[in-house]
């Protein structure tokens, strides 16, 4: 049995215990307020049972419901919210129309109320903590619901203590509790309805997803990004533009983005990435050079003082632009190959031609992750290497 299910089952037991204790002492003391609070706890049993059933059903997937029954949890949280609001109504009605009676066994009843408040408070804190950990909206809602018992118990306690001084505080405290109940229940109700109506994910989650997508070097734009909750789980969809004209590589990049989002954002059930490869008209080739004056290809990638960046037109394989980039990492002691690879990717390189073998080395993995092609040449100059690839000046 998973943690969330255990906590939901514990809620049923806690509420049953509170109902028995409160009802017994309400009969012993003659307190109408405590009796009403006892039936409030009984309504909590129903609400907690709804949460328990909701968590179990929510995990099921069938042919009729291939996306799962996650929203059952949100239905449960809406039911809890309605129970909270009904409890507020009962307390308000009791405060307006209840009659004052001489209380009996006040000391024992106060001890009972203090015990009930303590049990409800400890469970509410624990359930809220677990609910946030596992991302369960119904558990968080149930924790808030039982937390209402603390407030209602406080109102009853105030009335009992006031009876010693001859003051009737039940009605005043009851209206304060009703206001808090209305706020708490209303918020849970609205949150649950938002999910049931497929409202968008919160800004923080969407912003995190956007950053994870744009961290992929080959992504040039996000045309559309949206998401929705279903129970504790999230569904995210994005339409992106990739700086890649080969569909196989574009699919590989999209799958990597999907895996990254699923790993970094909690409780993601599904990520759908729609990608549009850029139909590029040009390609950029990079060559490590011995110096910035000639065309001699360096035997060392990371230590090369500069790089020749050659832009070619795809349709006729003609060179349309050449420039020299200075290597800013020649002074770095270790890991300069990886740093240089990332530097070239930032300059939109499509392919790297070297005399050095990359397989199994850091730069190879950097270029592979960015879908940058790498070629090994035996030629000494850039012109010779380009000619070997069938590329010539205009």
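The values are calculated or read from the model by the stated rules, or taken from the named source; none is laboratory data. A quick note: this is a predicted structure, and the numbers were derived from the prediction, not measured. Quick reminder, even Gly has a Cβ in these numbers, built from the backbone with ideal geometry, and neighbours come from all protein chains shown.
Go through (1) in a strand (DSSP E or B); (2) surrounded by fewer than 21 Cβ atoms within 10 Å (Cβ to Cβ); (3) modelled with pLDDT under 80 and name the single condition residue 229 misses.
(2)
Output the residues belonging to the range 341-364 that are touching a residue at least 24 places away in the same chain (Cβ under 8 Å) and in a loop (DSSP other than H, G, I, E, B).
Within the range 341-364, 347, 348, 349, 350, 355, 356, 358, 361 meet the criteria.
What number of residues within the range 233-260 satisfy the criterion of being closer than 16 Å to residue 204 by Cα and under 13 Å from the mean Cα position of the chain (by Cα)?
4
What number of residues in the range 237-266 are part of a loop (DSSP other than H, G, I, E, B) and surrounded by 15 or more Cβ atoms within 10 Å (Cβ to Cβ)?
Of the residues in that region, 4 qualify.
Within the range 339-353, how many residues are under 14 Å from residue 300 (Cα atoms) and either surrounded by fewer than 12 Cβ atoms within 10 Å (Cβ to Cβ) or in contact with a strand residue (DSSP E or B) (Cβ under 6 Å, 6 or more places away or on another chain) (or both)?
2
Under 28 Å from residue 277 (Cα atoms) and under 37 Å from the mean Cα position of the chain (by Cα): which single residue out of 358, 367 fits that description?
So the residue among 358, 367 that is under 28 Å from residue 277 (Cα atoms) and under 37 Å from the mean Cα position of the chain (by Cα) is 367.
Counting only residues that are at pLDDT below 75 and either out of contact with any helix residue (DSSP H, G or I) (no Cβ under 7 Å at 6 or more places or on another chain) or more than 30 Å from residue 233 (Cβ to Cβ) (or both), how many does the range 7-27 have?
Residues meeting the conditions: 2.
What single numbered condition from (1) buried (at least 16 other Cβ atoms within 10 Å of the Cβ); (2) in contact (Cβ under 8 Å) with a residue 24 or more places away in the chain; (3) under 15 Å from residue 307 (Cβ atoms); (4) under 36 Å from the mean Cα position of the chain (by Cα) fails to hold for residue 386?
With respect to (1) buried (at least 16 other Cβ atoms within 10 Å of the Cβ); (2) in contact (Cβ under 8 Å) with a residue 24 or more places away in the chain; (3) under 15 Å from residue 307 (Cβ atoms); (4) under 36 Å from the mean Cα position of the chain (by Cα), residue 386 is out only on (4).
crowded, with 21+ Cβ neighbours inside 10 Å, out of contact with any strand residue (DSSP E or B) (no Cβ under 9 Å at 6 or more places or on another chain) and over 30 Å from residue 210 (Cβ atoms): which single residue out of 361, 378, 336 fits that description? Outline the logic, then answer.
Values: 361 fails: crowded, with 21+ Cβ neighbours inside 10 Å; 378 fails: crowded, with 21+ Cβ neighbours inside 10 Å.
Sole residue among the options that is crowded, with 21+ Cβ neighbours inside 10 Å, out of contact with any strand residue (DSSP E or B) (no Cβ under 9 Å at 6 or more places or on another chain) and over 30 Å from residue 210 (Cβ atoms): 336.
Does residue 285 qualify as being exposed (fewer than 15 other Cβ atoms within 10 Å of the Cβ), under 30 Å from residue 223 (Cβ atoms) and in contact with a helix residue (DSSP H, G or I) (Cβ under 9 Å, 6 or more places away or on another chain)? Reasoning before the result, please.
Details: exposed (fewer than 15 other Cβ atoms within 10 Å of the Cβ): no; under 30 Å from residue 223 (Cβ atoms): yes; in contact with a helix residue (DSSP H, G or I) (Cβ under 9 Å, 6 or more places away or on another chain): yes.
Spelling it out, it is not the case that residue 285 is exposed (fewer than 15 other Cβ atoms within 10 Å of the Cβ), under 30 Å from residue 223 (Cβ atoms) and in contact with a helix residue (DSSP H, G or I) (Cβ under 9 Å, 6 or more places away or on another chain).
Examine the range 321-340 for a residue that is under 19 Å from residue 283 (Cβ atoms), part of a loop (DSSP other than H, G, I, E, B) and modelled with pLDDT under 85, and state whether such a residue exists.
Within the range 321-340, none of the residues are under 19 Å from residue 283 (Cβ atoms), part of a loop (DSSP other than H, G, I, E, B) and modelled with pLDDT under 85.
Which of the numbered conditions does residue 277 fail, given that it passes all the others? Conditions: (1) surrounded by 15 or more Cβ atoms within 10 Å (Cβ to Cβ); (2) at pLDDT 85 or above; (3) in contact with a strand residue (DSSP E or B) (Cβ under 7 Å, 6 or more places away or on another chain).
(2)
With the checklist (1) modelled with pLDDT under 80; (2) farther than 14 Å from residue 338 by Cα in hand, flag the one item residue 376 doesn't pass.
All conditions are met except number (1).
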